[in-house]
Amino acid sequence: MANSKQSLPRVQTPGTGYGRVSTQAIDTMIHTERKRRGMWRTLALMGPAFVAGAWQFGPGNLTTAVHAGSSYQYTLIWVIAVSTLLMIFITDMSVRLGIKSPVSLITSIKEHLGGVVGVLAGVGVFLICLCFSVGNAVGSGLGLSMLIPGSSPVMWTVIVSVLVAALLMLRSVYKVIERVLIVIVALMAVCFIVSAFVANPDWAAAGSGLLPTAPDGSWLLIVALVGTNLSINAAFFTAYGTKERERTEADYRDITLVDTIPGIIAPGVMTALVIVVAASVLGQTGEGAESIAALAKIFEPLAGPIGGFIFALGFFGAAFSSMITNAMAGGTLLSDAFGKGASASTTVARIAAGAILAWGVGITLVFQSSPVQLIVIAQALTVFIAPVLAIIIVVMANRRSLMHEMTNTWWQNLFGILGIAAVLALSIRLGFSLWA
């Protein structure tokens, strides 16, 4: 027995391995590894809100921002700040709905509020996507034509639309698109930050733009800015991304910190920077900037061709990313509304996405003479549907039988009601304007 014990090999433990590695060193390495893994797992939660932000920050958003800066200088920056804050709270409700709903959001709406309400929500988002498709189609062609001088914007609109349609045919399309969009958002952020510093704006005057004012003749533009920045349809779709990524209550806090807040603030900041750039460039050159192309060209006296190229690159990124998400989301929610599946890969979703892309191209071809005004009007019209979607999100987030401990608190309801009031008031104001 003693011999058998002596024949056993000696084990070198980390703490006693003949002084080679101390126990403290091993503990430090293990702790560091756990911390590193925790950081990467946390960053991996980025996605759904950035997809919503990429959709929100499209060419319609940029065009209305250019209009705001060139026509009213810095005075409408407050609209972006307020709508971004409200957008964070509405998106947060959608994230929690995605976590708690055992099925898709529209299916949950049908179960709790009735089938008609569920269909209305899906069709409503689809109609908003049709409106957004116009700006995406115009913007994608315009962006590439600025990057490749002398080329036809309409030709690029058709080419990019076909490319997006092909991308939507991929398997596991949501995960692929999510990764692409995070990269594009980062690229856009760099482009517009550089553009802002090249323009050398009056930052004090820009700060004063955070004080709410409504200059004469600005109401249609304010409505359009809210329609693009308080993008209820993008917030609504976040529940689908959250469900697709199988997020849980344990992930909620980290999701809020690394996805919801930065994913929604990023497009808000970039939109404000576009207003700042438009106001600053207009002030330095004395020229108007009634279009994105005009604004990009005005950069040349300030920073040479590279200045206009950087701005144009950011604009194309906004158009391309928004076009992808717009078609995918519209198709997915229409498919879900009619009970054909809550995935971008269903036949109905792909057909509906193709219809959205085709609509954008068709309207672009018909109304080539005044694309900028067309974008502004199309963006403004979305506020007629947005109040319905906002009400549905807030009501569902208050269903204790569904949400349990993640039910809205009083202060979350306060910001939700403010969001509803904002889009409802603007839709009424727009209705009176159009009627008159």
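The values are calculated or read from the model by the stated rules, or taken from the named source; none is laboratory data. Everything numeric here is computed off the predicted structure, so don't read it as measured data. Note: ideal-geometry Cβ built from the backbone for every residue, glycine included; neighbour counts use all protein chains shown. Keep in mind that these areas ignore ligands, DNA and RNA; they rest on the heavy atoms of the full protein, side chains included. Shrake-Rupley method; radii C 1.70, N 1.55, O 1.52, S 1.80 Å.
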Could you order 316, 384, 237 by accessible surface area, starting with the largest, using a probe radius of 1.4 Å? 384, 316, 237
Determine the gain in length on full extension of the stretch residue 405-residue 202; use 0.36 nm per residue of separation and subtract their C-alpha separation, reporting nm with one decimal. 68.4 nm
Radius 11 Å from Cβ of residue 50, net charge of other residues (Lys, Arg +1; Asp, Glu -1): -1
Each label point is 7 Å from the Cα along the Cα-to-Cβ direction; what then is the distance between the points at residue 193 and residue 148, in nm? 3.0
Tell me the accessible surface of residue 404 in square angstrom (1.4 angstrom probe, heavy atoms of protein chains only), to the nearest ten. 90
How do 245-254, 136-145, 348-357 rank on mean C-beta neighbours within 10 Å, highest first? 136-145, 348-357, 245-254
Which ³J(HN,Hα) values, rounded to whole Hz and listed in residue order, are derived for the stretch 252-266 from phi using the Karplus coefficients 6.51, -1.76 and 1.60 in 6.51 cos²θ - 1.76 cosθ + 1.60 with θ = phi - 60°, glycine and proline given as x? 4, 4, 5, 4, 4, 6, 9, 10, 4, 5, x, x, 9, 5, 3
At what distance in nm do the modelled label points of residue 351 and residue 171 sit from each other, each positioned 7 Å from its Cα along Cα→Cβ? 2.4
If you scale each eigenvalue of the Cα gyration tensor by 5 and take the root, what three semi-axes come out for the stretch 149-245, rounded to whole angstrom and sorted largest first? 32, 21, 17
Quantify, in whole percent, the carbon and sulfur part of the accessible surface of the stretch 188-264 (1.4 Å probe; protein heavy atoms only). 63
In what order, largest first, do 155, 403 sit by accessible area if the probe radius is 1.4 Å? 155, 403
Expected field for residue 127, accessible surface area in Å² at 1.4 Å probe radius, rounded to 10, holds 80
Charge context of residue 108, other residues only, Cβ under 13 angstrom, K/R +1, D/E -1: +3
Under Stokes-Einstein, the stretch 213-257 at 4 °C and 1.567 mPa s, with its Kirkwood radius over C-alpha pairs, diffuses with a coefficient in µm²/s of 99
Tell me the label-point distance for the pair residue 398, residue 219, using the 7 Å Cα-to-Cβ offset, in nm and rounded to one decimal. 2.9
Set Lys and Arg Cβ to +1 and Asp and Glu Cβ to -1, take the dipole of the stretch 95-196 about its Cα centre, and tell me which of 181, 107, 124 lies farthest positive. 107
